[in-house]
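Here the structure is laid out as structure tokens; the discussion comes afterwards.
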Amino acid sequence: EAQVTQNPRYLITVTGKKLTVTCSQNMNHEYMSWYRQDPGLGLRQIYYSMNVEVTDKGDVPEGYKVSRKEKRNFPLILESPSPNQTSLYFCASSPKIGYGVEQYFGPGTRLTVT
Amino acid sequence: GDSVTQMEGPVTLSEEAFLTINCTYTATGYPSLFWYVQYPGEGLQLLLKATKADDKGSNKGFEATYRKETTSFHLEKGSVQVSDSAVYFCALSEYSTLTFGKGTMLLVSP
């Protein structure tokens, strides 16, 4: 089944403890992206990747890192999480980025930082 | 920069009522337009899209028409069902990113 998977789905952690949220897609998509969803703010893009070893900042990159060493994986790294990073995170992928191309979303990771 | 504005919710309707969720956008060029739906506890999934002026996207009884003159892409459905209860996001894609509106929650009661 074609899908985007994220792990973990739920995570509670403490301020400053490094964590990684994994994202994997099995559709051979070139483009992958991370979003955070917050009440009243909708979805905001954190980072995106046009292909392997090519990443770029989105609208809210502060406090996050990403890497794209393989086409299928795009992990999101929080080196020193803070409470303002408590949010619902979505990974997405698409065959490419371009006119009319839809993105496919993972199920989400709910992160709480205390 | 690009932006999407959609009506705030929640929108509360009875089953079989007519639905309209307004969406307007600003863009520097000629974007593609999308409606995504998020059911409770799930990720977003594409509902419909349109890529040029006057195109009508449709799916599952929902429709939206790309109106370049009014920079709008309003979502409509003639008769909603309880199972349509979800959050609906209008979005545009112009270059390398997808820009979302803040989302509109729809609640449909029997």
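Quick note: the coordinates plus some simple rules give every number you see, no bench work behind them. Worth saying up front: this structure is predicted, and the values here are computed from it rather than measured. Every residue, glycine as well, gets a Cβ built from its backbone with ideal geometry; the counts of neighbours run over all protein chains shown.
Here are some notes:
- Using C-alpha pairs under 8 Å with a sequence gap of at least 6, the mean separation divided by the residue count of chain A gives a relative contact order of 36 percent.
- Radius 13 Å from Cβ of residue B:7, net charge of other residues (Lys, Arg +1; Asp, Glu -1): -1
- Spin-label pair residue A:52/residue A:15, simplified geometry with 7 Å Cα→Cβ offset, distance in nm: 4.1
- Summarising the amide proton neighbourhood of residue A:58: residues at separation of 5 or more, or on other chains, whose placed amide H is nearer than 5 Å comprise A:47, A:48.
- Radius of gyration and Dmax over the Cα atoms of the range B:12-110, both given in Å: 13.3, 43
- For chain A, the Kirkwood radius over C-alpha pairs fed into Stokes-Einstein at 4 °C and 1.567 mPa s yields D = 92 µm² per second.
- Taking every residue in B:98-105 and counting other chain Cβ atoms within 10 Å of its Cβ, the average works out to 5.
- Inter-label distance for residue B:52 and residue A:84, nm, one decimal - labels placed 7 Å from Cα along Cα-to-Cβ: 4.5
- Gyration tensor (alpha-carbon) shape descriptor, the protein assembly as shown, a/c threshold 1.5: prolate
- Exercise: per-residue mean of other protein chain Cβ atoms within 10 Å, A:37-43: 6
- Linear extension gain, residue B:105 paired with residue B:30, 0.36 nm per residue minus alpha-carbon span: 24.2 nm
- Cβ-based net charge around residue A:108, under 15 Å, with every Lys or Arg adding one and every Asp or Glu removing one: +2
- Each other residue within a Cβ distance under 12 Å of residue B:80 adds +1 if Lys or Arg and -1 if Asp or Glu, for a net charge of -2.
- Note on residue B:81 and residue A:65: the model spin-label points, each 7 Å out from Cα along the C-beta direction, lie 4.8 nm apart.
- Length gained on full extension, residue B:45 to residue B:20: 7.1 nm, using 0.36 nm per residue less the C-alpha separation.
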